[in-house]
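Have a look at the structure below, then the notes.
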Amino acid sequence: MFRLVRDRRQKIIDRESMRRSVLITGANGQLGCELQQIIPLYPQFRFFPTDIDTLDICDKQAIERFIVNNCINYIINCAAYTAVDKAEDEIDLCFRINRDAVRNLAEVACGKAKIIHISTDYVFDGKSEKPLRETDSTNPQSVYGKSKNEGEQVLLETVSDCIIIRTAWLYSSFGNNFVKTMIRLGKERDSLNVVNDQIGTPTYAADLAKAILHIIEESEKSNLFQAGIYHYSNEGVCSWYDFCLKIHELAGIKTCKVHPISTAEFPTKAVRPVYSVLDKTKIKASFNLTIPHWEESLINALKNFSGSF
Ligand SMILES: NC(=O)c1ccc[n+]([C@@H]2O[C@H](COP(=O)([O-])OP(=O)(O)OC[C@H]3O[C@@H](n4cnc5c(N)ncnc54)[C@H](OP(=O)(O)O)[C@@H]3O)[C@@H](O)[C@H]2O)c1
């Protein structure tokens with residue numbers, strides 16, 4: 001009897017030690033929370049969700065300790081400084097998190113763990129007239145964009161085992177974002193002005209979270225980590241104005257008139273790319289991914305939003 005229990009316990013320990021360990025940084029942000037939602041669907045991995053209170057990525061020794069103690073095989077870096085306008089004033093802090101802390105992760109992970117790092121369409125200047133490919137030149141126009149661009153460069157210079165996923169217009173039922181703001185303002189106001197000359201594609205963070213874990217799963221199955229830069233957003237193209245109209249339509253908001261305005265009529269501290277549609281051909285082909293259209297994802301998202309605004 002005692003032997004049976006001992007053998008069963010040993011089997012559990014063996015199975016546990018065979019599971020690959022995945023560290024999620026910035027796990028309380030929009031994308032991090034969406035990843036945490038789907039963790040139970042991937043029992044073959046052990047997940048370690050952390051945020052600044054449990055693992056500050058600016059603290060290199062803490063990262064080192066965490067990775068060694070928990071035998072981390074993959075790091076999904078969702079931690080970032082994301083306050084785009086505030087970054088114009090908080091330049092040092094923004095670079096410390098989006099560039100220097102990424103260097104910490106890269107130096108510690110080198111030879112130990114593979115990194116999946118999230119970047120942004122803001123690395124581009126927005127002057128393109130066709131969907132942006134991974135090979136297109138970057139030319140960030142804001143402090144945030146520059147810090148993320150340098151974060152990418154630091155990673156590529158330091159580690160070979162890294163995947164950088166550039167995404168855009170991220171929203172989720174967690175945290176603050178455009179969808180929640182438009183619903184709140186749509187309920188509060190009779191009219192609203194929304195920019196109509198910035199073109200891109202929204203990304204439902206839940207879709208991106210699934211894509212990231214799919215990539216890790218595929219890498220494990222094929223024993224091949226396809227390092228490099230990839231673009232991911234939902235499919236389709238729209239302006240912020242189009243996006244707002246669809247949000248209001250799906251949320252049943254009928255009492256707020258939405259007016260299209262130009263970027264010039266809505267000045268912001270940080271310059272935003274005018275055109276930031278991402279070409280997703282590479283990520284779809286490399287990982288056999290199907291990406292939902294942004295309208296379909298918005299419908300799904302709003303089902304999960306009820307009660308969160
Ligand atoms: N949001 C977008 O529209 C958008 C668009 C394109 C790309 N992206 C990229 O997508 C990724 C995820 O974005 P998101 O919207 O999920 O961001 P988010 O909601 O702002 O989450 C970022 C998380 O990182 C945490 N964090 C900040 N400094 C940290 C540190 N030193 N150590 C550990 N954690 C730290 C933040 O904590 P605090 O809240 O306490 O600071 C927050 O929980 C980021 O890389 C972002 O640049 C976002």
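A short reminder: the numbers here are calculations on the coordinates, not readings from a lab. Here the structure is a predicted model, which means the values were calculated and not measured. Counting neighbours? That spans all protein chains shown, and the Cβs are built from the backbone with ideal geometry, glycine included.
Hey, among LYS246, LYS210, which residue is among the basic types (Lys, Arg), surrounded by fewer than 21 Cβ atoms within 10 Å (Cβ to Cβ), within 16 Å of the ligand (Cβ to nearest atom) and under 16 Å from TYR171 (Cα atoms)?
On the way: LYS246 fails: within 16 Å of the ligand (Cβ to nearest atom).
Going through LYS246, LYS210 in turn, the sole match is LYS210.
Restricting attention to the range 167-175, does a residue exist that is assigned to a helix (DSSP H, G or I) and within 16 Å of the ligand (Cβ to nearest atom)?
Just the residues of the range 167-175 that are assigned to a helix (DSSP H, G or I), to begin with: none.
Checked the range 167-175: no residue is assigned to a helix (DSSP H, G or I) and within 16 Å of the ligand (Cβ to nearest atom).
Looking at the range 278-306 only, could you name the residues that are without any contact (Cβ under 8 Å) to a residue 40 or more places away in the chain and either within 24 Å of LEU224 (Cβ to Cβ) or hydrophobic (A, V, I, L, M, F, W, C) (or both)?
Of everything in the range 278-306, those that are without any contact (Cβ under 8 Å) to a residue 40 or more places away in the chain and either within 24 Å of LEU224 (Cβ to Cβ) or hydrophobic (A, V, I, L, M, F, W, C) (or both) turn out to be LYS284, ALA285, THR290.
Would you point out the residue of the range 275-296, among those that are in a loop (DSSP other than H, G, I, E, B) and of a type in the set (Val, Ile, Thr), that is surrounded by the fewest Cβ atoms within 10 Å (Cβ to Cβ)?
Ranking the candidates gives THR290 first.
Looking only at the range 44-75, filter to residues that are assigned to a strand (DSSP E or B) and touching a residue at least 60 places away in the same chain (Cβ under 8 Å); which one of those is surrounded by the most Cβ atoms within 10 Å (Cβ to Cβ)?
Top of the filtered list is TYR74.
Among the listed residues ILE253, ILE215, identify the single one that is of a type in the set (A, V, I, L, M) and within 23 Å of the chain's Cα centre (by Cα).
It is ILE215.
For the range 50-77, enumerate the residues that are more than 8 Å from the ligand (Cβ to nearest atom), among the hydroxyl-bearing types (Ser, Thr, Tyr) and closer than 20 Å to ILE163 by Cβ.
If the condition is that a residue be more than 8 Å from the ligand (Cβ to nearest atom), among the hydroxyl-bearing types (Ser, Thr, Tyr) and closer than 20 Å to ILE163 by Cβ, then TYR74 is the only one that fits.
Out of all the residues in the range 102-124, is one or more more than 14 Å from the chain's Cα centre (by Cα), at positive phi and among the small types (Gly, Ala, Ser)?
yes
Would you be able to tell me the number of residues in the range 194-204 that are crowded, with 24+ Cβ neighbours inside 10 Å and over 23 Å from ARG133 (Cβ atoms)?
Of the residues in that region, 0 qualify.
So, in the range 171-227, of the ones that are without any contact (Cβ under 8 Å) to a residue 24 or more places away in the chain and among the polar types (S, T, N, Q), which residue ends up nearest to ASP161 (Cα to Cα)?
ASN223
Looking at (1) surrounded by fewer than 24 Cβ atoms within 10 Å (Cβ to Cβ); (2) part of a helix (DSSP H, G or I), which one does ASP125 not meet, given that it meets all the others?
Against the list (1) surrounded by fewer than 24 Cβ atoms within 10 Å (Cβ to Cβ); (2) part of a helix (DSSP H, G or I), ASP125 comes up short only on (2).
Before we move on, is ALA80 farther than 30 Å from ASP197 by Cα, within 13 Å of the ligand (Cβ to nearest atom) and either surrounded by fewer than 16 Cβ atoms within 10 Å (Cβ to Cβ) or not acidic (Asp, Glu) (or both)?
no
Quick check on my filter: what residues within the range 89-103 are surrounded by fewer than 22 Cβ atoms within 10 Å (Cβ to Cβ), part of a helix (DSSP H, G or I) and not β-branched (Val, Ile, Thr)?
Residues satisfying the conditions are ASP92, LEU93, PHE95, ARG96, ARG99, ASP100, ARG103.
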